[in-house]
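A.B. asks: Can you keep this structure in mind? I'll have questions shortly.
The values are calculated or read from the model by the stated rules, or taken from the named source; none is laboratory data. Computed from a predicted structure; not experimentally measured. No Cβ is skipped: glycine too gets one built from the backbone with ideal geometry, and neighbour counts run over all protein chains shown.
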Amino acid sequence: MSFERTFDESALFRICFVCTGNICRSPMAETVFNTLIKRAGLEGALAVLSAGTGDWHVGEPSDDRTLAALSARGYNGSGHRGRQFDPEWFDKLDLVVVFDRSQERILSTWATTEQDRSKVQLLLSFDSEQAPLTDVPDPYYSDAALFDQVLTMIERACAALFRQITPGIRQGVS
């Protein structure tokens, strides 16, 4: 799947959520964030996609447990297909959001400039109540209960991130 075919470069602000395999945490965040954008009427102003640090699940749909957790809360994540983050995307992105310190290290290594490294941020850092936890656990080797818990963490942190960037986006739209 090509980055250019799925990402609106004309958007005012461009975010990529990056987890390990792009079938659990990052598709959850992409789905949640796109829902926030739609509810706020900011389609076209914000562009969101997700990717993984690894290539194990390229082209695959989200994990069934991811889809079930999303569906139970009224989200539709069925259109997702896994992809791997390409370091060339840094130039096109304003923010690269990761879920744990290992992804932060990997992407910081892939970034070739300090400006690109500064774009890499931990998701929980945007939510003051969850920030001390640092990492969103990877539910892949766990059960449906952890997928639900992870989705709750992602919803809260995405809402906090959305509240932080929305004022600047609304100024650019009006």
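A.B. asks: List, please: which pairs have Cβ atoms under 7 Å, are six or more places apart or on different chains, and start with a residue in segment 128-155 that is in contact (Cβ under 8 Å) with a residue 12 or more places away in the chain and among the acidic types (Asp, Glu) and end with one that is buried (at least 18 other Cβ atoms within 10 Å of the Cβ) and in a helix (DSSP H, G or I)?
C.D. replies: Short answer, once both residue conditions are applied: ASP138/ARG25; ASP148/ALA69; GLU155/VAL32.
A.B. asks: Would you confirm whether any residue within segment 132-149 is touching a Cys at 6+ places or on another chain (Cβ under 8 Å) and closer than 22 Å to PRO87 by Cα?
C.D. replies: no
A.B. asks: While we're here: Answer yes if at least one residue in segment 102-123 is in contact with a Leu (Cβ under 8 Å, 6 or more places away or on another chain), charged (D, E, K, R) and surrounded by fewer than 16 Cβ atoms within 10 Å (Cβ to Cβ), and no otherwise.
C.D. replies: Within segment 102-123, none of the residues are in contact with a Leu (Cβ under 8 Å, 6 or more places away or on another chain), charged (D, E, K, R) and surrounded by fewer than 16 Cβ atoms within 10 Å (Cβ to Cβ).
A.B. asks: On the basis of being in contact with a Ser or Thr (Cβ under 8 Å, 6 or more places away or on another chain) and modelled with pLDDT of 95 or more, does VAL120 make the cut?
C.D. replies: Working: in contact with a Ser or Thr (Cβ under 8 Å, 6 or more places away or on another chain): yes; modelled with pLDDT of 95 or more: yes.
Criteria met by VAL120.
A.B. asks: Condition test on PHE162, is it surrounded by 18 or more Cβ atoms within 10 Å (Cβ to Cβ), under 18 Å from LEU12 (Cα atoms) and touching an Asp or Glu at 6+ places or on another chain (Cβ under 6 Å)? If you could, list the steps in order and put the result at the bottom.
C.D. replies: Numbers: surrounded by 18 or more Cβ atoms within 10 Å (Cβ to Cβ): yes; under 18 Å from LEU12 (Cα atoms): yes; touching an Asp or Glu at 6+ places or on another chain (Cβ under 6 Å): no.
Answer is no for this residue.
A.B. asks: Still on this structure, please answer the following. Inside segment 31-77, can you point out the residues that are polar (S, T, N, Q) and touching a residue at least 40 places away in the same chain (Cβ under 8 Å)?
C.D. replies: THR31, THR35, THR53, THR66, ASN76
A.B. asks: Separate question: Got a number for residues in segment 129-174 being farther than 19 Å from VAL48 by Cα, assigned to a helix (DSSP H, G or I) and of a type in the set (Asp, Glu)?
C.D. replies: So the count comes out to 1.
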